Amino acid sequence: MVALDLDGFKPINDTHGHAAGDAVLRGIGSWLQTHLRAQDAAVRLGGDEFLLCLPGEASRGRAAALEVGARLKAMLQEGVPTSEGRLRLGCSMGVAVMAEQADTMEAAIERADIALYDAKRNKAPVPARDAGDGPQKPATLLTL
C-alpha cells in the first residue's frame, strides 16, 4: 500500500490557476494508468493525495512501491505538460507492506498514511513499514 501526497501542488493552483492544477492531476492519472500493472489500483483520495495498491509478494512489496515512487518522482521533476508549460513538483510517499493473513486493508492504509506524514515531516526520507511494525515505528528509512 502506498500513500502519496504531491509536494508543491498548492503553488501551482495559486500561481497558474485551477485549470493548470487540474491538468497536472489529469497528467498524473494518465501516467499512473500507463505505468501501473493491470492488477494495481490507484485512487485519488482528494486534493493532491493518492492511494496506490500494488498487490504481489510481500517480500517484493517495498521494492515495487519504491520503484513506482522513483519513476513517478522523476516524471514530476521533469514536469507535467500543461497549457502553462511543464509544471514541476515533487511527492512524498508512505509505504506499508501487508502480511498475507495478518493484516487488514484498513490497517495497511493507516500505516501507509502515518509513514506518509513521517516522510512529509522529515522532508526527504520515506519511512517504509512492514505489517509487523507498530504504528509509530518505521522499519527503515528509504530515500527517493
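We did not get these values from a lab; they are worked out from the coordinates using the rules stated. The structure presented is a predicted model; accordingly, all values stated were derived computationally and were not measured. A quick note on method: Cβ atoms are made from the backbone with ideal geometry, for glycine too, and the neighbour counts reach across all protein chains shown.
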Quick one: 30, 92, fewest Cβ neighbours within 10 Å first, how do they rank? 30, 92
Report the calculated FRET efficiency for residue 22 and residue 105 (r = Cβ-Cβ distance, R0 = 22 Å), to the nearest 0.05. 0.15
